[in-house]
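Below: the structure, in structure tokens.
The values are calculated or read from the model by the stated rules, or taken from the named source; none is laboratory data. The structure presented is a predicted model; accordingly, all values stated were derived computationally and were not measured. Here the Cβ positions follow ideal geometry from the backbone for every residue, glycine too, while neighbour counts run over all protein chains shown.
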Amino acid sequence: MEREQRKGDNMFVLLDEINSKPGVFSSYTASALWADEYRSKQMLEFHLNEAINLSSRKADFIERSCDWIIDHFEIGMGKSVCDFGCGPGLYTSRFAKSGAQVTGLDFSRNSIQYARRQAELTKQNVDYVEINYLDFETPSRFDLITMIMCDFCALGPEQRSRLLSKFSTLLKDGGSVLLDVYSMAAFDQREESRTYEKNQLNHFRHKEDYYCFLNTFKYDADSVVLDKYSIFPEKSEPETVYNWLQYFSPRACRQSFQQQGSKLRISTGMCQVKLSRDSIPSSQL
């Protein structure tokens with residue numbers, strides 16, 4: 001009887017931890033997704049599935065987006081573009097067709113290797129760099145920096161500040177940053193929830209059988225949502241993965257960039273930024 005009581009006590013403590021709500025952006029586990037060999041292969045498969053909006057958008061949307069970006073920013077011969085979080089090169093390969101000099105950065109070895117193979121097959125001269133883009137350094141300067149699929153939203157405040165400072169350094173005077181963000185309308189649609197599932201997403205998170213507990217938490221004061229995954233494989237050690245998403249209003253976008261001395265224009269679903277090293281924040285933006 002005493003032994004059964006101890007088991008019950010231990011289970012209560014474990015479940016309490018699984019369902020606990022951490023402080024906003026208190027833990028960061030990007031490497032558990034992008035640097036893990038097994039999961040990064042799973043992510044690559046999702047990237048390359050042109051029929052779904054999961055890791056990447058559908059092929060027709062990407063095609064229309066790239067046509068607009070190339071036209072709007074006059075990308076072509078003599079222009080340079082750097083895509084932060086390029087994945088398997090779905091955007092960079094299309095930018096390269098315009099004749100621009102293109103660089104792609106990504107944390108995932110599998111995605112970068114795939115992008116390099118495709119560039120070789122199509123004889124495209126794209127410089128793919130396997131790196132955490134927060135650590136990227138180069139003497140090159142760019143006319144356009146892109147950051148697509150709401151990557152910006154997955155970063156905490158300190159990381160975003162560090163990234164914006166890097167953008168200011170890497171851009172040519174008069175250069176632009178194009179990024180998309182999750183809106184407050186999308187935040188309002190999110191709800192807190194608790195679910196569990198065996199072998200979630202068809203063994204996406206582990207090659208062993210596993211149980212996954214998913215807790216979705218909202219932080220209304222910060223406009224942040226956390227998907228907290230508590231993963232219990234059959235044989236391997238348990239782990240917790242934190243997927244943070246920051247949601248933005250146009251005002252919040254302006255404030256983020258103005259702190260870096262940036263001039264900002266907002267359009268639906270994206271921030272288009274005009275940056276220069278000597279630009280002055282404008283209170284009228």
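In the stretch 60-109, the qualifying residues are those that are among the charged types (D, E, K, R) and in a loop (DSSP other than H, G, I, E, B), and the one that is farthest from L179 (Cα to Cα) is K97.
Residue-level check: of (1) surrounded by fewer than 20 Cβ atoms within 10 Å (Cβ to Cβ); (2) at pLDDT 95 or above, Y210 misses just (1). Scanning the stretch 86-113 for residues that are out of contact with any Ser or Thr (no Cβ under 9 Å at 6 or more places or on another chain) and either under 22 Å from A30 (Cβ atoms) or in contact (Cβ under 8 Å) with a residue 60 or more places away in the chain (or both) yields a count of 4. W68 satisfies every condition listed in (1) more than 21 Å from D151 (Cβ to Cβ); (2) of a type outside the set (S, T, Y); (3) out of contact with any helix residue (DSSP H, G or I) (no Cβ under 8 Å at 6 or more places or on another chain); (4) at pLDDT 90 or above except (1). Within the stretch 107-144, restricting attention to residues that are of a type in the set (D, E, K, R) and farther than 20 Å from G78 by Cα, which residue is farthest from the chain's Cα centre (by Cα)? The selected residue is E120.
Filtered by the rule that a residue be more than 21 Å from S98 (Cβ to Cβ), of a type in the set (A, V, I, L, M) and assigned to a helix (DSSP H, G or I), the stretch 110-133 gives a lone residue, I112.
Listed by first and then second residue, the pairs with beta-carbon distance under 6 Å, at least 6 apart or on different chains, first residue in the stretch 195-218 and in contact (Cβ under 8 Å) with a residue 60 or more places away in the chain and within 14 Å of N243 (Cβ to Cβ), second in a strand (DSSP E or B) and of a type in the set (V, I, T), are R205/I231. For the stretch 94-111, a residue qualifies if it is closer than 23 Å to L171 by Cα and surrounded by 20 or more Cβ atoms within 10 Å (Cβ to Cβ), and the qualifying residues are F95, A96, A100, V102, T103, G104, L105, D106, F107.
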